[in-house]
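Presented below is the structure to which this report refers.
The values are calculated or read from the model by the stated rules, or taken from the named source; none is laboratory data. No experiment lies behind these values; they were computed from the predicted model shown. All Cβ positions, even for glycine, are placed from backbone atoms using ideal geometry, and neighbour counts span all protein chains on display. Note: areas computed on protein heavy atoms with side chains; ligands, DNA, RNA excluded. Shrake-Rupley method; radii C 1.70, N 1.55, O 1.52, S 1.80 Å.
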Amino acid sequence: MTEEDLRRRAEKVAREKIGFQVHFGIYLAVNAFLIALWYFTVTPFGSVFPWFIFPLFGWGIGIVGHFLAAYRGETYIASVTQKEYEKMKKRQL
């Protein structure tokens, strides 16, 4: 792998991590707004069901997936690839 290939790969990983950080920031801001909206619109004698939990948890699943892809994806793929390569090499001997 050349220096330029390594640099491109590092830039790709950095972009993925920054993408996750932006996504997580938006997630926090939107869900804080939804919680505030719920809090300030609940009437004293009305329903107090916390409806905001549905987007919070639903979107949270996506956030976990994005985190795993950004922070574990490249490293995990590289380690599994190395292990598979070593297994294949042993079988050839």
Cα axis of helix 53-67 to longest principal axis of the chain: angle in degrees, 0 to 90, nearest 10?
-> 20 degrees
Put Met88, Met1 in order of accessible area, largest first, 1.4 Å probe: what do you get?
-> Met1, Met88
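For the chain, rounded, prolate or oblate, judged on the Cα gyration tensor with a ≥ b ≥ c (square roots of eigenvalues), a/c < 1.5 rounded, else prolate if a/b > b/c?
Oblate, because a/c is 1.5 or more while a/b does not exceed b/c.
Can you give the helix-only mean residue ellipticity at 222 nm for the chain, where every DSSP H stretch with n ≥ 4 adds -39500 (n - 2.57) and the sum goes over all residues, rounded to the nearest 500 deg cm²/dmol?
That comes out to -27500 deg cm²/dmol.
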Looks like region 15-66, by Cα gyration tensor root eigenvalues a ≥ b ≥ c and the a/c under 1.5 rounded cutoff (else prolate when a/b is bigger than b/c, oblate otherwise), is oblate
Roughly speaking, to the nearest percent, how much of the chain's 1.4 Å accessible area is carbon and sulfur?
-> 70 percent
Under 15 Å from a label point 7 Å along Cα→Cβ of Tyr76: give me every residue in region 1-42 with its amide N that close.
-> 17
Quick one: accessible surface of Tyr76, probe radius 1.4 Å, all protein chains present, in square angstrom to the nearest 10.
-> 130 Å²
Charged-residue dipole, Cβ positions (Lys, Arg, Asp, Glu), the chain about Cα centre, Debye nearest 20 | 440 debye
Ranking Ile26, Ile61 from most to least accessible area with a 1.4 Å probe gives Ile61, Ile26
Largest-first ranking of Ser79, Ser47 by accessible area, probe 1.4 Å, whole protein assembly kept, is Ser47, Ser79
